[in-house]
Amino acid sequence: MLKIFLSLLISVSLFSGCGKSNENSDINFSELQSSLISKADFENSIMENLKDITTAQKYGLAIDDIEEGFAYLTNNENSDRIILAKTKGGPSAENVEKSLGNEIAGLIATWEDDTKESKKLKEHVLKTKENYVILIISDNSAELEDEFDNYFNV
């Protein structure tokens, strides 16, 4: 009986930390997505699912790196967009951030002759918090960045 009790106690002790990570499990992706979209309020917008292979490839992303994600962009003639990916963490987050950095470089080349868009692109936000990577290109990038940051400062 004592052996069973000790075995059980050891098992519970060993596994009590399993499943925990540095990631903030309280982040609700859908709520964050809705909040960012409502604050951005792009006219004539489209929404793309980053788990769609064609969409992921368009942004140079590997769907294996992404748990969920979206690209919200305007269909108008400008560079406005929000791309948010919940990654699998670690190297996946690094891969996604690198791919989105390449996306920015391509957009800068595309809009280099447009003063307003060039300024907006230079003021972009690309950051990783925990296992979330976000790219924001907008006239109100700072406000959208604050909204993103607030989800992690609770």
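Can you confirm whether Glu77 is of a type in the set (D, E, K, R) and on the phi > 0 side of the Ramachandran plot? Considered against the rule, which asks whether it is of a type in the set (D, E, K, R) and on the phi > 0 side of the Ramachandran plot, Glu77 comes out as no. Among the residues making up the stretch 107-122, a single one is surrounded by fewer than 16 Cβ atoms within 10 Å (Cβ to Cβ), closer than 22 Å to Ser45 by Cα and acidic (Asp, Glu): Asp114. Taking residues in the stretch 28-47 that are aromatic (Phe, Trp, Tyr), and partners anywhere that are not in a strand (DSSP E or B), the pairs with Cβ atoms closer than 7 Å and at least 6 places apart or on different chains are Phe42/Asp80.
Is there a residue being outside any strand (DSSP E or B), surrounded by fewer than 19 Cβ atoms within 10 Å (Cβ to Cβ) and either touching a helix residue (DSSP H, G or I) at 6+ places or on another chain (Cβ under 6 Å) or modelled with pLDDT of 95 or more (or both) anywhere in the stretch 123-133? First the steps, then the outcome.
Keep residues of the stretch 123-133 that are outside any strand (DSSP E or B), which gives 123-124, 130-131.
Retained after the next criterion (residues that are surrounded by fewer than 19 Cβ atoms within 10 Å (Cβ to Cβ)): 123, 130.
So of that shortlist, the ones also either touching a helix residue (DSSP H, G or I) at 6+ places or on another chain (Cβ under 6 Å) or modelled with pLDDT of 95 or more (or both) come out as 123.
The answer is yes, given that some residue of the stretch 123-133 is outside any strand (DSSP E or B), surrounded by fewer than 19 Cβ atoms within 10 Å (Cβ to Cβ) and either touching a helix residue (DSSP H, G or I) at 6+ places or on another chain (Cβ under 6 Å) or modelled with pLDDT of 95 or more (or both).
Does Thr55 meet the test of being over 12 Å from the mean Cα position of the chain (by Cα) and open to solvent by 60 Å² or more (accessible area, probe 1.4 Å)? So Thr55 does not fit the description; no. Identify all residues within the stretch 79-97 that are in contact with a Phe, Trp or Tyr (Cβ under 8 Å, 6 or more places away or on another chain), assigned to a loop (DSSP other than H, G, I, E, B) and open to solvent by 10 Å² or more (accessible area, probe 1.4 Å); write none if there are none. Selection gives Asp80 alone. Among the residues making up the stretch 134-154, those that are at pLDDT 95 or above and not in a helix (DSSP H, G or I) are Ile134, Leu135, Ile136, Ile137, Ser138. Filtered by the rule that a residue be open to solvent by less than 100 Å² (accessible area, probe 1.4 Å), assigned to a helix (DSSP H, G or I) and modelled with pLDDT under 50, the stretch 11-52 gives Ser11, Val12, Ser13.
The values are calculated or read from the model by the stated rules, or taken from the named source; none is laboratory data. Predicted model only: the values in this text are computed from it and were never measured. Here the Cβ is made from the backbone with ideal geometry for all residues, glycine too, and neighbour counts use every protein chain on show. Keep in mind that these areas ignore ligands, DNA and RNA; they rest on the heavy atoms of the full protein, side chains included. Shrake-Rupley method; radii C 1.70, N 1.55, O 1.52, S 1.80 Å.
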